[in-house]
Amino acid sequence: MDYSQAMLVFAVLAPGAVFGLLALLWLGGWVPSERVISRITGVTFSACILALVTILWRLAAAGHSSVTVTFGNWFTVHDYHFPLVLLADRLSAPFLGLTVVLAGLIGRFSATYLHRERGFLRFFLLLHLFAFGSLLAFAAGSFDLLVGGWEMVGITSVLLIAFFQQREAPVESALYVFAVYRACDIGLLVGVFAMHRWAGTASFAGGLPALTGSRATLVCLLLLLAAAGKAAQVPFSGWLPRAMEGPTPSSAIFYGAISIHAGAYLLLRVQPMLAQSFLASAIVAAIGVATAIHGTMSGRASADAKTSLAYASLTQVGVVFVEIALGWRAIAVIHILGHATVRTLQFLRSPSMLHDYHMMHSAIGGELSPTGKYLESLFPERAQVWLYRWSLDRGHLDNILDRFAIHPLRRLSKFFARLDSLGTGTR
Amino acid sequence: MNLLTAVAIGVPWAAGILTAATRRHARAIGFAAALVSLAASALLLRGAPARESLNEALMVLFASLTLGATLVIPRRDCTPGTMGGILYVLGSTLLAYSTENLVVLLAAWILSTVPFFRAQWFGARAWRPRIGLLLSSIALAMAIAVIAANGHAMSIGGLKGRSPGGMTVFGLLVAAVVFRKGICPAHAWVAEAAEGGPAIPTALLLNGHFGAMLVAKTIVPLFPHIAGEWFPLLSYLALATALYIAIRALTENSPRRLLAYLALSQSACILAGLESGTAEGVTGALVHWFVVTASTMGLFGVLRLLEVRFGENLTASRYLGLAEHAPKLAVFFIVFALALVGLPGTLGFCSQDLLINGTLASHPQTGLLLPIATAMNAVSVFRLFARLFLGKRRTGFTVMADALPRERWILAAGVLFVVLGGLFPNAIVALRSAEAETVEQAMFISRPATADHSRRNAFNTSLPSQHGN
């Protein structure tokens with residue numbers, strides 16, 4: 001293992017190791033002070049940034065485009081392998097950099113923001129676990145390993161939404177988000193299985209699994225299901241405003257920056273396969289367009305700052321999906337990096353938004369003037385009312401999901417309960 | 001039966017009698033007996049060849065579970081009767097795992113259920129569990145009687161590949177599996193046993209996985225021809241059970257019933273994996289067996305500890321906020337829960353990965369039910385966690401101790417097993433893979449090579465071809 005490879009392994013594993021160590025010490029009865037936690041976090045992510053900078057510098061110096069670390073197979077059964085390969089290439093390196101920089105910043109911000117909060121240690125534990133999951137997903141050299149990181153991001157996301165556990169609303173929201181994630185992840189699991197069966201591998205360290213025609217289309221559509229769920233694309237957008245129940249720093253890094261773009265990363269990873277299928281590309285583009293329109297409409301009707309920002313994120317991610325469908329990979333990556341950075345800043349400033357406005361008003365000696373003509377005023381009045389109601393109800397997506405998925409399942413479950421209670425006289 | 005096997009089985013039985021006779025030091029006697037049994041089982045496993053160590057591995061697993069149960073069982077439940085019953089179940093289960101004789105297997109099968117019929121031991125009152133266990137014993141007894149009536153020997157090794165008694169015996173054995181394992185439509189007794197009976201002994205009963213053991217040890221090796229033709233039906237039934245129970249669990253509010261449903265739904269996947277006939281599926285099933293056993297035991301253990309602290313009438317219909325009182329128990333619960341439904345970082349992730357691959361490869365359409373059922377189970381188990389541990393702290397509850405050191409260490413050992421197994425799965429997977437090859441070979445013995453090939457490639461032939469668009 002050369003120096004760059006060692007650095008990549010360190011950058012990916014360090015947050016996971018810190019999580020494991022802190023969790024074990026807590027189970028042993030030791031509760032570190034806030035200062036210790038924030039210093040450990042700062043040192044960890046600074047070291048990760050340093051490691052990634054070193055990798056990039058050495059790659060540039062050597063004229064290489066990627067660094068790959070192969071550990072062999074995590075487990076093997078007959079001719080089925082779970083390859084353990086880490087990869088930092090032109091696509092994953094920006095995402096790895098974004099993750100460690102923003103996680104470090106969020107750690108620094110949260111040390112003050114969550115000062116004396118009861119769940120201070122819990123937040124930082126989950127932040128480290130999230131960073132580990134994200135780094136694993138972005139540095140994975142195979143879809144098998146990507147699934148591991150992907151699901152880790154999902155579970156930390158859910159646990160952070162339920163961070164303020166004394167209130168019921170965040171916990172209910174977390175459950176809803178978890179259900180959507182799990183439902184959509186079925187696409188990823190089956191898609192990876194299909195790659196194993198048809199191409200004999202799900203590794204992309206040496207190029208994407210060779211699939212063409214209808215098989216490529218089917219795999220792309222399965223992965224699209226997972227990507228759309230993670231990126232809150234239409235019709236799964238209903239979970240995003242609920243996810244705003246979590247603390248602001250976690251909303252910033254999850255739904256402004258990393259987690260919301262994980263779906264786009266997955267599609268970027270399979271983009272060469274996607275490009276072979278007109279049908280899959282068209283569906284990705286259609287979902288992106290629908291989401292962008294839905295996001296901008298619903299965001300305009302949202303009453304609170306975080307939800308408005310979440311919908312603004314959604315709009316941009318929808319546009320990123322369109323860019324991916326059109327094959328504009330470089331533009332999509334640049335778009336993601338720029339958007340994630342700006343949106344994180346906006347999320348982190350959102351609790352101080354009124355203060356910021358007051359400062360600006362004071363500075364200019366009056367109120368800020370409206371910026372440009374509003375799009376909605378171009379529509380007839382009746383259409384405006386209808387659109388407002390449609391946007392206020394967030395495109396009725398929650399109602400549709402309730403009516404056609406949740407309620408039928410609940411009714412079926414209760415019917416089964418009645419069947420089971422036959423003969424016992426109870427319900 | 002060699003000396004170590006006799007020690008592994010005899011010591012718990014002797015200790016059970018001693019506990020009942022002296023009626024003192026129940027926990028100490030139970031712990032010592034389970035420890036001796038575990039040590040003997042571990043020595044047996046060490047001496048067993050890699051491809052034929054399934055019985056010994058299961059003995060170690062069950063002895064470990066019982067050892068954990070003797071430590072984690074709350075003082076309120078640790079009566080001489082309960083501890084005696086637990087030791088009795090341990091001895092009977094190990095006898096069933098270790099025997100190669102059908103009559104002994106039947107005896108162990110029946111003996112392991114006896115404590116659940118006697119009110120003095122486990123105090124179970126519900127009628128459905130008794131009927132379920134009774135019917136399974138009757139079906140097995142009839143199957144063995146038919147084999148004996150046909151003049152066959154009672155040795156499992158001697159009957160391999162001979163289909164003794166034909167379809168009649170095969171059907172009776174499958175019926176025994178269905179009743180004992182709680183496959184639909186015979187599933188209702190499991191939830192009632194969990195709700196009406198003692199939590200930890202019932203978890204031990206369920207985690208004996210006698211149904212899966214009968215499949216792996218008897219049905220597959222004895223009936224390779226019939227199994228190849230009719231076994232998929234049992235697999236479909238198991239997958240349908242997994243989905244039915246997963247849907248049923250979505251609205252269940254009794255924590256015990258809900259845990260029983262989750263255990264049932266997840267363990268039904270073991271049968272589907274065993275039937276898949278693929279190396280991944282069978283290995284996944286065997287690894288999943290270990291995961292389900294460790295996690296459900298941990299979950300029932302934590303639930304019982306909560307019940308003795310906060311009252312027997314815990315419910316998932318409202319938020320109880322118990323994490324404020326017992327944060328460590330909350331962490332143990334969520335780790336076991338995530339392992340049960342195959343989240344990464346746990347051994348459950350590997351077993352689910354293998355199971356999904358195996359079942360989808362052999363049954364592309366029905367195999368899809370497995371990830372769907374698992375996703376629903378994940379939602380149900382997270383809902384249970386949220387309702388028990390999250391929400392506003394209830395002032396009605398007295399402030400209670402979190403996990404005691406005795407409980408903490410044994411639960412931590414369980415957590416370490418599922419987490420370290422998840423981080424370094426190859427040791428466990430490789431062992432199970434070797435055993436899986438034996439099971440797989442038994443399934444495909446005397447089967448035409450073309451049939452074998454088509455089964456392995458069912459997915460490839462059932463979906464569009466590479467250039468089919």
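For the stretch B:105-126, a residue qualifies if it is in contact with a helix residue (DSSP H, G or I) (Cβ under 7 Å, 6 or more places away or on another chain), assigned to a helix (DSSP H, G or I) and at pLDDT 90 or above, and the qualifying residues are B:Leu105, B:Leu106, B:Ala108, B:Trp109, B:Ile110, B:Leu111. Residues being touching a His at 6+ places or on another chain (Cβ under 9 Å), small (Gly, Ala, Ser) and within 26 Å of A:Arg215 (Cα to Cα) are represented in the stretch A:314-322 by at least one member. Inside the stretch A:24-46, residues that are under 22 Å from B:Leu423 (Cβ atoms), modelled with pLDDT of 95 or more and of a type in the set (A, V, I, L, M, F, W, C) make up a count of 1. Here the condition is being in contact with an Asp or Glu (Cβ under 9 Å, 6 or more places away or on another chain) and farther than 20 Å from B:Ile17 by Cβ; of B:Trp109, B:Trp127, it holds for B:Trp127 alone. Which members of the stretch B:284-315 meet the condition of being part of a loop (DSSP other than H, G, I, E, B) and either crowded, with 21+ Cβ neighbours inside 10 Å or out of contact with any Ser or Thr (no Cβ under 8 Å at 6 or more places or on another chain) (or both)? Of everything in the stretch B:284-315, those that are part of a loop (DSSP other than H, G, I, E, B) and either crowded, with 21+ Cβ neighbours inside 10 Å or out of contact with any Ser or Thr (no Cβ under 8 Å at 6 or more places or on another chain) (or both) turn out to be B:Gly311, B:Glu312, B:Asn313, B:Leu314. Confirm whether B:Leu347 is farther than 22 Å from B:Ser276 by Cα, touching a helix residue (DSSP H, G or I) at 6+ places or on another chain (Cβ under 7 Å), surrounded by 24 or more Cβ atoms within 10 Å (Cβ to Cβ) and more than 10 Å from chain A (Cβ to nearest Cβ). Spelling it out, it is not the case that B:Leu347 is farther than 22 Å from B:Ser276 by Cα, touching a helix residue (DSSP H, G or I) at 6+ places or on another chain (Cβ under 7 Å), surrounded by 24 or more Cβ atoms within 10 Å (Cβ to Cβ) and more than 10 Å from chain A (Cβ to nearest Cβ).
Hey, does the stretch A:140-156 have a residue that's farther than 30 Å from A:Arg90 by Cβ and either in contact with a Leu (Cβ under 9 Å, 6 or more places away or on another chain) or more than 12 Å from chain B (Cβ to nearest Cβ) (or both)? For the stretch A:140-156, residues farther than 30 Å from A:Arg90 by Cβ and either in contact with a Leu (Cβ under 9 Å, 6 or more places away or on another chain) or more than 12 Å from chain B (Cβ to nearest Cβ) (or both): absent. Limited to the stretch A:162-179, what total is found for residues that are more than 7 Å from chain B (Cβ to nearest Cβ) and of a type in the set (Asp, Glu)? Result for the stretch A:162-179: 1. From the list B:Leu258, B:Leu243, the one residue that fits, being under 17 Å from the mean Cα position of the chain (by Cα), under 14 Å from B:Met376 (Cα atoms) and in the same structural domain as B:Gly197 (by TED's automatic domain parsing), is B:Leu258. Scanning the stretch A:22-51 for residues that are within 14 Å of chain B (Cβ to nearest Cβ) and part of a helix (DSSP H, G or I) yields a count of 6. Look at the stretch A:185-202 and say how many of its residues are more than 9 Å from every other protein chain (Cβ to nearest Cβ) and either surrounded by 24 or more Cβ atoms within 10 Å (Cβ to Cβ) or part of a helix (DSSP H, G or I) (or both). Going through the stretch A:185-202 one residue at a time, the tally reaches 6.
Residues that are under 23 Å from B:Pro201 (Cα atoms) and not in a helix (DSSP H, G or I) were ranked within the stretch B:21-53; the one that is modelled with the highest pLDDT is B:His25.
Of all residues in the stretch A:29-45, those satisfying the criterion of being surrounded by 13 or more Cβ atoms within 10 Å (Cβ to Cβ) and not β-branched (Val, Ile, Thr) are A:Pro32, A:Glu34, A:Ser38, A:Arg39, A:Gly42, A:Phe45. When the criteria are applied in full, A:Phe278 fails the requirement of being buried (at least 24 other Cβ atoms within 10 Å of the Cβ) and within 14 Å of another protein chain (Cβ to nearest Cβ).
Being in the same structural domain as A:Phe130 (by TED's automatic domain parsing) and either over 22 Å from the mean Cα position of the chain (by Cα) or of a type outside the set (Gly, Ala, Ser) (or both) holds for only one residue in A:Ser92, A:Ser46, and it is A:Ser46.
Looking at the stretch A:207-245, which of the residues that are in a helix (DSSP H, G or I) and charged (D, E, K, R) is nearest to the other protein chains (Cβ to nearest Cβ)? Restricting to residues being in a helix (DSSP H, G or I) and charged (D, E, K, R), the top hit is A:Arg215. A single entry from A:Arg108, A:Arg118 fulfils the requirement of being within 14 Å of another protein chain (Cβ to nearest Cβ) and closer than 26 Å to A:Tyr255 by Cβ: A:Arg118. May I ask you to verify whether B:Arg162 is more than 14 Å from chain A (Cβ to nearest Cβ), under 15 Å from the mean Cα position of the chain (by Cα) and charged (D, E, K, R)? In short, no.
For the condition buried (at least 20 other Cβ atoms within 10 Å of the Cβ), within 10 Å of chain A (Cβ to nearest Cβ), over 27 Å from A:Gly154 (Cα atoms) and hydrophobic (A, V, I, L, M, F, W, C), B:Ala375 does not qualify. The condition of being within 14 Å of chain B (Cβ to nearest Cβ), aromatic (Phe, Trp, Tyr), under 25 Å from the mean Cα position of the chain (by Cα) and outside any helix (DSSP H, G or I) holds for only one of A:Phe71, A:Phe75, A:Phe19, A:Phe82, that being A:Phe82. When each of B:Ala249, B:Ala268 is tested for being among the aliphatic types (A, V, I, L, M), more than 16 Å from B:Gly211 (Cβ to Cβ) and assigned by TED's automatic domain parsing to the domain that holds B:Val429, the lone residue that passes is B:Ala249. Does the stretch B:358-369 contain at least one residue that is touching a Cys at 6+ places or on another chain (Cβ under 9 Å) and in a helix (DSSP H, G or I)? The answer is yes, given that some residue of the stretch B:358-369 is touching a Cys at 6+ places or on another chain (Cβ under 9 Å) and in a helix (DSSP H, G or I).
In summary, B:Ala203 fulfils each of the numbered conditions (1) surrounded by fewer than 24 Cβ atoms within 10 Å (Cβ to Cβ); (2) in contact (Cβ under 8 Å) with a residue 24 or more places away in the chain with the single exception of condition (1).
The values are calculated or read from the model by the stated rules, or taken from the named source; none is laboratory data. Note that the structure is a prediction, hence the values are computed from the model and not measured. Methodologically, a virtual Cβ is constructed for each residue, glycine included, from the backbone with ideal geometry; neighbour enumeration extends over all protein chains shown.
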